[in-house]
Amino acid sequence: MNFRGWWGDAVHPRTDPIKARLAAIMARRRHGVAALERRSPWLAERLSFYHAWRANPRAIGAILPSGRALGAAMVREIDPAAGPVLELGPGTGAFTRALLARGVSPGQLVLVERDPYLATRLRRDFPDIAVFDIDAADLQRYVLFPREPAAAAVCGLPLLNLPLRTRLRILRATFTQLRNDGACYLFTYGVRCPVPQRLLERLGLRARKIEVVFANVPPARVWKLTRRMTPCGRTREL
Ligand SMILES: C[S@@+](CC[C@H](N)C(=O)[O-])C[C@H]1O[C@@H](n2cnc3c(N)ncnc32)[C@H](O)[C@@H]1O
């Protein structure tokens, strides 16, 4: 049952006591969440993440947002002057904050977050950044960078939870948003790259592990995907 639509309703306690009671409970909860956001943004972020995970564990893929060390590792190689940056699956914005700290300007960032609750939170926390609440697997249908292709992509999607076909669609679409020498950074809690070799070959990509981050719960590995160059220096069509 969705209680959110009830906020605007005129609920009279005498004619509709149950609805009025529920509306009062929700009002208190909303007030409590706002107070928590003010008092402890750190805890509020974790609770929001947990709330999203409970609603859809497979799509979120983790019960905690990434830590600062992983965020820094994900963006370390990104040159803020190189061009726009695409972020997939920003969640509560752990990598978004790292990108801003790296010097990427809000106007150069595009976030793609499918979860409407998290997308609303991102719009509130980063009002100057474009947030698309769309499925990353449908990226091919959108022109996210009308002026110039992105120089880099940061992927926070739980790729291992997605079928190979979906991973293929997401990566193909991501690389069509990137310029030829663009790179996509992703992380995994596993040992291997979350994009298997046969998928990389099919897409004409190569993967390189660039960092192991132990100061994250759980520890994570950062991978960098780039287009494979042909012997004459060209990239293959995806
Ligand atoms: C593991 S969380 C990572 C969040 C954040 N990047 C971090 O590291 O803390 C994965 C995020 O990807 C989003 N997501 C999952 N599947 C998606 C899809 N197909 N399209 C867009 N976002 C998706 C989830 O809603 C969630 O916010």
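Within region 55-67, residues that are of a type in the set (D, E, K, R) have Cβ atoms under 7 Å from residues that are modelled with pLDDT of 90 or more in these pairs: R58/N161, counting only partners at least 6 apart in sequence or on another chain. Candidates P84, P90: the one that is in contact with a strand residue (DSSP E or B) (Cβ under 7 Å, 6 or more places away or on another chain) and within 7 Å of the ligand (Cβ to nearest atom) is P90.
Looking only at residues in region 50-67 that are touching a helix residue (DSSP H, G or I) at 6+ places or on another chain (Cβ under 6 Å) and not polar (S, T, N, Q), the one that is nearest to L162 (Cα to Cα) is R58. For the residues R192, R198, the requirement of being more than 29 Å from V143 (Cα to Cα), free of Cβ contacts under 8 Å to residues at least 24 places away in the same chain and not in a strand (DSSP E or B) singles out R192. Taking region 40-77 as the range and being within 17 Å of L100 (Cα to Cα) and more than 10 Å from the ligand (Cβ to nearest atom) as the test, the residues that pass are R68, A69, A72, A73, V75, R76, E77. Picking from residues in region 123-155 that are near the ligand (Cβ under 9 Å from one of its atoms), not β-branched (V, I, T) and not in a strand (DSSP E or B), the one that is surrounded by the most Cβ atoms within 10 Å (Cβ to Cβ) is L139. Restricting attention to region 173-184, does a residue exist that is modelled with pLDDT of 95 or more, of a type in the set (V, I, T) and in contact with a Cys (Cβ under 8 Å, 6 or more places away or on another chain)? For region 173-184, residues modelled with pLDDT of 95 or more, of a type in the set (V, I, T) and in contact with a Cys (Cβ under 8 Å, 6 or more places away or on another chain): present. Of everything listed in (1) assigned to a helix (DSSP H, G or I); (2) crowded, with 22+ Cβ neighbours inside 10 Å, the single unmet condition for H51 is (2). Within region 162-179, one or more residues are touching a residue at least 60 places away in the same chain (Cβ under 8 Å), more than 9 Å from the ligand (Cβ to nearest atom) and not in a helix (DSSP H, G or I).
The values are calculated or read from the model by the stated rules, or taken from the named source; none is laboratory data. All values derive from a computational prediction rather than experimental measurement. Every residue, glycine among them, receives a Cβ derived from its backbone with ideal geometry; neighbour counts consider all protein chains shown.
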